[in-house]
Structures are given as structure tokens and as C-alpha cells.
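The values are calculated or read from the model by the stated rules, or taken from the named source; none is laboratory data. Bear in mind that the values here come from a model prediction, so they are computed numbers and not experimental data. Backbone-built Cβ (ideal geometry, glycine too); neighbour counts: all protein chains shown.
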Amino acid sequence: MPHRTLIRNARVALPGGVARTSVLIEDGIIAGVDAARHARADELVDATGLHLLPGVIDDQVHFRDPGLTHKEDLRTGSRACAAGGVTSFLEMPNTVPQTITVDALAAKLELAARRSVVNYGFYMGATTGNLDELCRAGRTSGVATPGIKIFIGSSTGNMLVDDQECLEAIFAETTLPIAAHCEDEGTVRANRARLTGPLTVHDHSRIRDHKAAITATLRAIDLAERHRHRFHVLHVSTADEVQIIADHNRIIAHHDRIITAEACPHHLFFDTSDYDRLGTLAQMNPSLKTAADRDALWRGLKEGAIQIVATDHAPHTREEKAVPYPGSPSGVPAVEVFLPLMLNEVNRGRCTLEDVAAWMCDRPARIWDIVGKGRIERGYDADLVLVDMEKQQVVRNEDQRCKSGWSPWHGSRLRGWPVRTWVGGRTVFEDERVETEAVGREIMFDRKRGGYWATGD
Ligand code: DOR
């Protein structure tokens, strides 16, 4: 007998807009929208007063597993996702060992099958010497990956690929979509060399400055354009990059577009003035920029130059973060507060619930050609999050489920929180309780779809 759950009376974020309706889940799949009020079901959920969204798809997390599990692991990271309404994540390759071979990718998928409470996918990481593996990953069936991550600019882990010849070869010869961390290494080193005397965390934004971000983004777009290679700009941090991406996409016919971009909550909510308050807790790569840059990211999202929001969840322990700059590592955790931060903005009127569903659910699915996710539509996977737009809660370090146990948003009162999360029709978060079993599944990618622009906006 199939297990059926009927969610009644929610305001549901459907592809065409928010509507009050009912959703029927049958054996992990959305079996019906606007299902008959009295459809037979094993469980009835009265969602009066609540909103139902597709589960959030976070396309940029660092879960540190294997090898750096004192910071996070696939179990703690994925449980934090469940509590935050994130039902699928795509994880970065700067683990130990790095995900730079098809075997390492297969090993990570196996690990996640044993540990992850939500759905998972893993990028292949580029190095200066693994072109064969990157090509092989695009051909090997049964070992799925969203694409290739290139650090065009060093960050946590030793994964810099700065050499032009190597970059040309990767863009020319691989077939998987490419995403890149864009900060120009030469600019970063020159900026660092110019600074004398003891450094403070404020210098982080002088070393990793506007020019570093803009130079690398221009370089990557040039590579993508010349090689006609699907390319995603990770964590855009400057107004100029927003303009560059907007201009680029404006002059290229819709069906020929290959560039997409994302913004992260730390760049959307903080700016360089926050170093005074947060110190190295506000240190991340790319660095924080000015309030004007922050505002430009919001405009870029609203106007479409930036298509999605993702966390770049990058936890380090409090002890590691307490080491004085520049010894402190870059990165902040965010999966647990990601959706509440954005729902709070809906309540404040900065964006709509439809925006949130597009930026965090539907578009990430289309950018990465994810099969069966991102929408509340018949036949899609029942990855869902029920949110209470009136619920108010203060973010506290001591409440964080992430292993690092701190949040740069500690002390922020947010209105709009998840109250229940389903992954494949199974409840993984309810009444502050989080699933412990590894019920997450491997995410599938449909390479024939051809990315965000191919499937219309
Ligand atoms: O701040 C960051 N931390 N940016 C990155 O690109 C990497 C990340 C990490 O892995 O810690």
C-alpha cells in the first residue's frame, strides 16, 4: 500500500504563484496539487495559516567530510539543512582527500548514502593535473556530479588553478558545467605585499579587493564565452560583477546564454562595517565589500542578473576563527538560517515569497539540470518545507545544529521559520526534532536539458 500524506489549506508556492490549495504526497512523490479535500490519506496535515515551499536547493556548501570532520560532517551538515528547510545540497571538493578523481567522487557518494539526512550531490574539483578525471567524470554513468568547481583564486584548501593554459584546457575539453571561485591571485598577492605593519581583519577586504573579484570574473567569463562552456559565477560580491554579468547576458541572445550567477547571504546582509562587530567571524572569501555593493547584489537578484542565492556554508571551529587575522580561516556557516533570513526579508517587504521560491528552489534545479526537484508540481519529488511566516525566533549560537556551533547572525531576531521539512515524502524535521537516519538520496542530473537558459525563465 502506498503511503499518502495530504497537506491541506497551506498557501502553496506553485510555479505560477502562491495559492491556497492542498498537496497530496504518495510514496515520496507529489501525486497531486489541488487534490480533492477529502482524498484518502494515511496522514492529514492541517496547514492553515502556514506556507508550503519546495525544499531549498543549496548549490554551494562545504561539509568537510571526509577529512576535516572536526568542523562539520555529512550527518551534522545535512541535519542542519533539514532544520533549515534545505532538502538538497551540492557540496564542494576541498575536503581531505579532495574530490578530484572519479573514485573520490564515488567514495563521497557512498559516504553520503550512509550519513545524509537530505539529498546530496558533489562537485568534481579541478587541479592543474586532473583534466583526464574531469573528462572521465562527464562520461561515467552511475557517478553523478553537477559539474566542475575551479578555484580561480586560492581559498580554504590547496586547489588553486591559475595557469591560463590549464584553464583553457579545462574549458575546452571538459563537458560538465563549470562553477568558479573568482578572485584574481596576482591581485591578491600584490595587495598583500603593499600592506605593511600588523594586519587586522579589515585588511581582508583590502587584500581581496574589488579588483581581485572583477578581474577573475572577467577572465572566467571570457574563457566560458570563447569555449562556449556553461559557466556559473559563484558568490558574486561586487556591484561591478553584477553589471558585467547583466551586460554580458543582455548582448547575447537568450538561447545562446551560458552564464549564470549567485549571491550568498553574507554578502547580502553584511558589509565591511560589520568587521567592527564580528571580527574574523565576518571573514570569508570573496571578502565583504561595501554597503553599495551589498545593495547592488539585491538589485541584481531582483532584476535577474543574478539568478540564485546559495550559502557557501563554510564552517570553522570557534577556536580556529579566534586565531588573530591573517591566521584565521575564511568562511561562515549558514544552512540553518538561510531560509529564515530570506523569509524575514519577505516579511520586511524586500522580496516576495515567489522570489524566494525562484532564487532558492526552482532556479538552482534548472541551473544544474536537477531531475524532479525545485517545484511543487505533480510528479516532482516530495521535498517540501512548511513555514510559519509569523514565527519569530532569535538566532543563537547555542541552538545551532552545525558542528561549529556559532552563527554570524547570532542575536538576530528573524520572522519566518520552517516548522516541518519533508525529504522524498518523509518528515525529517518537525517540532524542533531532526531525523537521524540517512534518508537522503543521490541527486540526478539531466544533461540533455542544457541548463537554466535552455529551459526558459
Ligand atoms: O570563505 C570561504 N571559505 N570561501 C571559500 O571559497 C572556501 C570556504 C571554505 O572552504 O572554508
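Report whether or not ALA334 is part of a loop (DSSP other than H, G, I, E, B) and touching a residue at least 12 places away in the same chain (Cβ under 8 Å). Taking the combined requirement at face value, the residue satisfies it. Residues of the range 27-71 that are away from the ligand (no atom under 16 Å from the Cβ) and closer than 30 Å to GLY125 by Cα: PRO54, GLY55, VAL56, ILE57. Test GLY425 against the stated conditions and say whether it is surrounded by 16 or more Cβ atoms within 10 Å (Cβ to Cβ), closer than 28 Å to ARG11 by Cα and not acidic (Asp, Glu). Answer is yes for this residue.
Residues that are closer than 25 Å to GLY416 by Cβ and more than 13 Å from the chain's Cα centre (by Cα) within the range 359-369 comprise just one, ARG366. Remark: pairs (first residue in the range 57-80, free of Cβ contacts under 8 Å to residues at least 24 places away in the same chain; second residue more than 14 Å from the ligand (Cβ to nearest atom) and of a type in the set (Asp, Glu); Cβ separation under 6 Å; 6+ apart in sequence or on different chains) are absent. Selection of the range 142-153 for residues being more than 9 Å from the ligand (Cβ to nearest atom) and assigned to a loop (DSSP other than H, G, I, E, B) yields GLY142, VAL143, ALA144, THR145, PRO146, GLY147. Among all residues of the range 301-314, there is none that is among the β-branched types (Val, Ile, Thr), at pLDDT 95 or above and closer than 17 Å to GLU398 by Cα. Of the residues making up the range 335-345, those that are under 14 Å from THR421 (Cβ atoms) and either within 14 Å of the ligand (Cβ to nearest atom) or not aliphatic (A, V, I, L, M) (or both) number 4. Only residues that are small (Gly, Ala, Ser) and within 13 Å of GLY121 (Cα to Cα) were counted in the range 358-375, giving 1. Which residue, of VAL323, VAL419, VAL332, is among the hydrophobic types (A, V, I, L, M, F, W, C), within 16 Å of the ligand (Cβ to nearest atom) and more than 18 Å from the chain's Cα centre (by Cα)? Result of the check over VAL323, VAL419, VAL332: VAL323.
Scanning the range 390-416 for residues that are surrounded by fewer than 20 Cβ atoms within 10 Å (Cβ to Cβ), within 22 Å of the chain's Cα centre (by Cα) and among the aliphatic types (A, V, I, L, M) yields a single hit, VAL395. You will find that of THR217, THR238, the residue that is touching a Leu at 6+ places or on another chain (Cβ under 9 Å), among the hydroxyl-bearing types (Ser, Thr, Tyr), buried (at least 21 other Cβ atoms within 10 Å of the Cβ) and farther than 20 Å from ARG366 by Cα is THR238 and no other.
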